[in-house]
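The values are calculated or read from the model by the stated rules, or taken from the named source; none is laboratory data. The structure presented is a predicted model; accordingly, all values stated were derived computationally and were not measured. All Cβ positions, even for glycine, are placed from backbone atoms using ideal geometry, and neighbour counts span all protein chains on display.
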Amino acid sequence: MRTFGDIVCKTFNIPPGEVRDDLSSKDIPEWDSMNYLLFIAELEKEFGFSFSMDEVMNIKTLGDVRMLVETHRK
């Protein structure tokens, strides 16, 4: 099973040592609308749940995404 960090690195082309919860679309050049939707889809596929539209629209940082993943996995 891939980890959250693995999916972040692959989707946004970020070296593992540079993944931080405070990173947002302003910090990650590859975080455009298409890659963001691919990122969400990969997380849903890998972890076996779906985000709500409100959750997807209110995410601002990688930390926000990580918290939602942890919440859904409980």
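Within the range 25-55, can you find the residues that are over 19 Å from residue 3 (Cα atoms) and exposed (fewer than 15 other Cβ atoms within 10 Å of the Cβ)?
26, 27, 29, 30, 32, 33, 34, 52, 53, 54
If residue 10 satisfies all but one of (1) surrounded by 14 or more Cβ atoms within 10 Å (Cβ to Cβ); (2) in a helix (DSSP H, G or I), what's the number of the condition it fails?
Result: residue 10 passes all but (1).
Please go through the range 21-41 and give me each residue that is over 12 Å from residue 65 (Cβ atoms) and either of a type in the set (Lys, Arg) or touching a Lys or Arg at 6+ places or on another chain (Cβ under 7 Å) (or both), ordered by number.
26
Of the residues that make up the range 42-60, is at least one modelled with pLDDT of 95 or more, touching a Phe, Trp or Tyr at 6+ places or on another chain (Cβ under 6 Å) and of a type outside the set (Phe, Trp, Tyr)?
no
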